[in-house]
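What follows is one structure encoded as C-alpha cells, with my remarks underneath.
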Amino acid sequence: MSTRPDIRTEDLTKMYTDGSTCKEIATKFNLSYGGVYGRLQQSGIKMRTHKNKVIRKKRPSRPDVKNEDLISMYATGLSCREIGNAINMSGGAVHTRLRQSGIKTRSVGDKRGENSANWHGGIHITTHGYLKIYYPDHPRAVSNYVFEHVLVWEETNKKPLPDGWIVHHMNGIKNDNRPENLTAMVRKDHSKLHLGILYIHRIQELEAEVAHLTNLLAEKGTPA
Ligand SMILES: [Zn+2]
C-alpha cells in the first residue's frame with residue numbers, strides 16, 4: 001500500500017470525526033493503518049485516546065421499529081449490537097426492548113433434562129418459538145437439546161449441518177419443520193436475508209402510509 005496522495009486528508013478526517021476507526025478508514029481507502037494515523041495526526045485534529053477510542057453518536061430509540069421485528073432478528077442469531085448497527089439503534093436499547101417483550105436474551109447454561117421439572121417428553125419450545133428435541137449426544141446439543149429444524153435438515157440432506165451454517169424457515173413459521181420448508185446457508189447470508197425481510201416489511205408499511213395519505217389528500221383536497 002502506498003501513501004495515496006490522491007486521497008484527500010479531509011475525507012479521512014471527516015470519517016474519523018464521524019466515529020470511524022483508523023483501521024476502518026484504512027480498509028475503506030486501501031491505505032495502511034500507519035498511513036491513516038499519520039495523516040490524521042498531521043492534519044492537527046484531536047486524536048482519540050484508546051480509552052475513548054470509539055465515540056459513538058447517540059442513537060435514536062426508534063419507536064417506529066416493532067418489537068416483533070427485533071425479536072425475529074434476534075432469533076436469527078444476530079446479536080443486539082448487530083441488530084442495532086443495522087437499524088441505527090444502540091445495542092443496549094435493542095437489549096432493553098427484547099427484555100421488555102419477555103425475551104430471555106441469550107446466555108449459556110440453560111440446564112434442562114429428563115430429570116428436570118421442565119421435562120416435557122423431550123420437546124421444548126424456545127422463547128423464540130423454535131422446537132428443540134432432547135438429543136444429548138448430538139454435536140450441536142446445547143444443554144442436551146438440539147433444534148428440531150437442524151435434525152430434520154440433517155436427516156433430509158444425509159449429512160451434518162456444516163459449521164457456521166443456519167437452517168432457515170422459508171415460510172417464516174418457526175415451528176414448521178417440514179423438510180421442504182427448510183434451507184441452510186452460512187450465518188452471514190442468513191442474517192442478510194432477515195435484514196432484507198425486515199426492510200421489505202418496513203417498505204410495505206411506508207407504502208401503506210403513503211397510500212393512506214394520498215387518499216386523504218384526494219378526499220380533502222390540498223390546503224389553500
Ligand atoms: Zn431464518
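Please treat every number below as a calculation from the coordinates, not as lab data. Predicted model only: the values in this text are computed from it and were never measured. Here the Cβ positions follow ideal geometry from the backbone for every residue, glycine too, while neighbour counts run over all protein chains shown.
Points worth noting:
- Student exercise, the chain dipole from Lys, Arg, Asp, Glu Cβ charges, in Debye to nearest 20: 1260 debye
- Cross-link pairs exceeding 31 Å between alpha carbons, from the set Lys158/Lys192; Lys46/Lys104; Lys14/Lys66: Lys46/Lys104; Lys14/Lys66.
- Contact order normalised by residue count of the chain, Cα under 8 Å, 6+ apart, percent: 11 percent
- The distance between label points at Ile200 and Asp137 comes to 4.1 nm (points 7 Å beyond Cα on the Cα→Cβ vector).
- Dipole of the chain, positive direction: furthest Cα of Leu216, Pro63, Tyr16, with charges on the beta-carbon: Tyr16
- Region 9-52, relative contact order [Cα under 8 Å, separation at least 6], %: 37 percent
- Theoretical ellipticity at 222 nm over the chain - DSSP helices of four or more residues, -39500 (n - 2.57) apiece, nearest 500: -13500 deg cm²/dmol
- Taking a ≥ b ≥ c as the square roots of the Cα gyration tensor eigenvalues, region 9-52 comes out rounded, since a/c falls below 1.5.
- Note on Lys159/Val210: beta-carbon distance plugged into 1/(1 + (r/R0)^6) with R0 of 45 Å gives a FRET efficiency of 0.45.
- Using C-alpha pairs below 8 Å separated by at least 6 residues, the relative contact order for region 144-224 is 23 percent.
- Of His138, His169, His194, the one that fluctuates the most in a GNM where the chain has Cα springs shorter than 10 Å: His138
- The stretch between Arg4 and Leu217, if pulled fully straight at 0.36 nm per residue, gains 71.3 nm over its current Cα-Cα span.
- Shape category assigned to the chain from the gyration tensor of Cα positions, a/c cut at 1.5: oblate
- Our estimate of slack between Ser101 and Tyr33, defined as 0.36 nm per intervening residue step minus the Cα-Cα distance, is 20.2 nm.
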